[in-house]
Amino acid sequence: MSEEFGGDFITITDEDGKEFELELLDVLEKDDTIYHAFIPAGAGEEEEIEIVLLKVVEENGEEFLSTLDSEEELEEVYNLFMERLFEDEEEEEEEEEEEEEEEEEEEEEEEEEEEEEEEEEEEEEEEEE
């Protein structure tokens, strides 16, 4: 999902009539069912974030988001989302490490070039004397 224009937000109403704004985190399909993972809108990185899992159901030709039917389904879908999220984080960390290594290599090459230039200048000065 592209975050170029910001995240996708929805407002849901619980059984007590209280409204919550949620931000879409990820979507996956399993066994012909589409699942959405949401987090509370505006949740900070420092605080513990509760993930809300909903699935797409169709009634009378219209699609709705619904809660999951069982604890087993909830646990299975939650684990799938966690695998995907941590997989993404690991990939990002690996990319950052690779970039750091490349930067270090470039710095070392630049230092070596500078040392070679200094040596050449010293040799030229010695030859002139």
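The values are calculated or read from the model by the stated rules, or taken from the named source; none is laboratory data. All values reported here derive from a predicted model rather than from experimental measurement. Cβ sites come from the backbone with ideal geometry, for glycine too, and all protein chains shown count toward neighbours. To get the accessible areas, we keep the full protein, side chains included, count just its heavy atoms, and leave off ligands, DNA and RNA. Shrake-Rupley method; radii C 1.70, N 1.55, O 1.52, S 1.80 Å.
Is at least one residue of segment 85-100 in a strand (DSSP E or B) and closer than 27 Å to residue 28 by Cβ? No: zero hits.
For residue 69, are the conditions met, namely being in contact with a strand residue (DSSP E or B) (Cβ under 9 Å, 6 or more places away or on another chain) and open to solvent by 100 Å² or more (accessible area, probe 1.4 Å)? Don't jump to the end; show me each part of the working.
Working: in contact with a strand residue (DSSP E or B) (Cβ under 9 Å, 6 or more places away or on another chain): yes; open to solvent by 100 Å² or more (accessible area, probe 1.4 Å): yes.
So residue 69 passes the test.
When residue 60 is tested against the conditions (1) at negative phi; (2) at pLDDT 90 or above; (3) open to solvent by 70 Å² or more (accessible area, probe 1.4 Å), the lone failure is (1).
Which residue, of 86, 38, 9, 81, is without any contact (Cβ under 8 Å) to a residue 24 or more places away in the chain and of a type in the set (Phe, Trp, Tyr)? Just a single option satisfies the conditions, and that option is 86. Number of residues in segment 7-57 that are open to solvent by less than 40 Å² (accessible area, probe 1.4 Å), within 18 Å of residue 86 (Cβ to Cβ) and touching a Phe, Trp or Tyr at 6+ places or on another chain (Cβ under 8 Å): the value is 5.
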